[in-house]
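Q: Let me give you the structure first, and then I'll get to my questions.
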Amino acid sequence: MKQFYVENLKDYPEIIDFFMVKSIGVKVGANKKQYLDVLLGDKTGEVNAKKWDVTDAEADEFASYTEGDIIKVKAQVTDWQGQTQLRIGKIRRSNENDQLFMEDFVKAAPEKSEDMFEYIYNVAVNMEDEELKMLCTKVLSDNREKLMYYPAASKNHHAEYGGLLYHVKRMLMTGLAVCQIYTYLNKDLVAAGVILHDIEKLNEIQSNEYGISPGYSFEGQMLGHIVQGISFLDRETRELGFSREKAIMLEHMILSHHYEPEFGSPKKPLFPEAELLHYLDILDARMFDMEDALKGVEPGEFSDRIWVLDNRRIYKATDRK
């Protein structure tokens, strides 16, 4: 039974327990000595760990470790620049004699992937616009297997098993509700933009079947999911014989949904549905990050500083569970 979870490590001076490897590598420090730099995780989060003064023999052994491995560590719990860090003393791979449960190690969306996919697909199949329905149902069907486990990010918001589906589903729920208020919006166009806006994260981000990402693909690093998404949509809409105006509007929604050039969008939204897509995206990301920041925080207390939230410390109200 796992005892020490990432979210409560700071409460202990030393731990012995199992964690999943998220990334790992042997590096050389300023003192010319080798050290192990490993990102460990479980269902509650991630923590950086170091093993100092690694020998050549140890380096050879660690070279065989890979993302997704379950390892047991004995480590001191330290603080580095306001963040919890582990100083590893001993480390070994898990074996068949260890009684482990995978659900302890994989951070996952709080809903079943099958249920989230069904909700999204039902929105697509019930679109009145036949072109958008054809495109969205095809893209969802073609990518169903990967969508079941894919994260929405390598790190930060929705970097979890089924995270991309969870992100899209909540954006869809919010977007459809907004369309009931601003009735001039094209509901199908909003829904299609949400379904398609991050679809090329399936090729931008690398991920194993646990939804754990070691980083970005070659294409992802060179192009990014926005450029990849526009190229993908251009191919798909031409093959399906889309009206050119509608195809360009969808591509513009992908192009502009990050809003600012420094975040990858060279154009700001130029029509209402594109503007809404940006705010749906940023709203869901911020709410996810705030919810995640408050896990393990006692009511009436503040979280640690959260880098992705502009280094803010997030407060947990006394009446919040």
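Q: Search region 47-59 for residues being open to solvent by 80 Å² or more (accessible area, probe 1.4 Å) and not in a helix (DSSP H, G or I), and hand back the single one that is farthest from V106 (Cα to Cα). Show your work before the answer.
A: So in region 47-59, the residues open to solvent by 80 Å² or more (accessible area, probe 1.4 Å) come out as 52-53, 56.
Imposing the further condition that a residue be not in a helix (DSSP H, G or I) reduces the set to 52-53.
Details: W52: 27, D53: 30 Å.
Restricting to residues being open to solvent by 80 Å² or more (accessible area, probe 1.4 Å) and not in a helix (DSSP H, G or I), the top hit is D53.
Q: Continuing with this model, one more query. Being free of Cβ contacts under 8 Å to residues at least 24 places away in the same chain and either under 24 Å from D98 (Cβ atoms) or out of contact with any Lys or Arg (no Cβ under 6 Å at 6 or more places or on another chain) (or both), is that true of even one residue in region 45-54? If you could, list the steps in order and put the result at the bottom.
A: Filtering region 45-54 down to residues free of Cβ contacts under 8 Å to residues at least 24 places away in the same chain leaves 53.
When the remaining residues are screened for being either under 24 Å from D98 (Cβ atoms) or out of contact with any Lys or Arg (no Cβ under 6 Å at 6 or more places or on another chain) (or both), the result is none.
No: zero hits.
Q: Okay, moving on. Restricting attention to region 21-38, which residues are of a type in the set (A, V, I, L, M, F, W, C) and assigned to a strand (DSSP E or B)?
A: Applying the first criterion (of a type in the set (A, V, I, L, M, F, W, C)) to region 21-38 yields 21, 24, 26, 28, 30, 36, 38.
Scanning region 21-38 gives V21, I24, V26, V28, L36, V38.
Q: A further question follows. Among K321, K295, K316, which is the only one that is among the basic types (K, R), closer than 22 Å to K169 by Cβ, out of contact with any Ser or Thr (no Cβ under 6 Å at 6 or more places or on another chain) and at pLDDT below 95?
A: Values: K321 fails: closer than 22 Å to K169 by Cβ; K316 fails: closer than 22 Å to K169 by Cβ.
Exactly one residue qualifies, and that residue is K295.
Q: Of all residues in region 12-59, count the ones that are among the β-branched types (V, I, T), farther than 15 Å from I88 by Cβ and touching an Asp or Glu at 6+ places or on another chain (Cβ under 6 Å).
A: Quick first cut of region 12-59, residues among the β-branched types (V, I, T) only: 15-16, 21, 24, 26, 28, 38, 44, 47, 54-55.
From the residues that got through so far, the ones that are farther than 15 Å from I88 by Cβ too are 28, 44.
Then keep just the ones that are touching an Asp or Glu at 6+ places or on another chain (Cβ under 6 Å); that gives 44.
Counting residues in region 12-59 that are among the β-branched types (V, I, T), farther than 15 Å from I88 by Cβ and touching an Asp or Glu at 6+ places or on another chain (Cβ under 6 Å) gives 1.
Per-residue answers, yes or no, for (1) at pLDDT 95 or above; (2) surrounded by 19 or more Cβ atoms within 10 Å (Cβ to Cβ); (3) touching a strand residue (DSSP E or B) at 6+ places or on another chain (Cβ under 7 Å); (4) under 27 Å from D310 (Cα atoms):
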| site | (1), (2), (3), (4) |
| --- | --- |
| K155 | no, no, no, yes |
| L172 | yes, yes, no, yes |
| D188 | yes, yes, no, no |
| V194 | yes, yes, no, yes |
| N208 | no, no, no, no |
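Q: May I pose another question? Which residue, of K74, K112, is in contact with a strand residue (DSSP E or B) (Cβ under 9 Å, 6 or more places away or on another chain) and either surrounded by 12 or more Cβ atoms within 10 Å (Cβ to Cβ) or free of Cβ contacts under 8 Å to residues at least 12 places away in the same chain (or both)? Working first, answer last.
A: Values: K112 fails: in contact with a strand residue (DSSP E or B) (Cβ under 9 Å, 6 or more places away or on another chain).
Answer to the selection: K74.
The values are calculated or read from the model by the stated rules, or taken from the named source; none is laboratory data. Small disclaimer: the values here were computed from a predicted structure and weren't measured. Note that we place each Cβ from the backbone using ideal geometry, even for glycine, and neighbour counts take in every protein chain shown. Heavy atoms of the whole protein, side chains included, go into the accessibility calculation; ligands, DNA and RNA do not. Shrake-Rupley method; radii C 1.70, N 1.55, O 1.52, S 1.80 Å.
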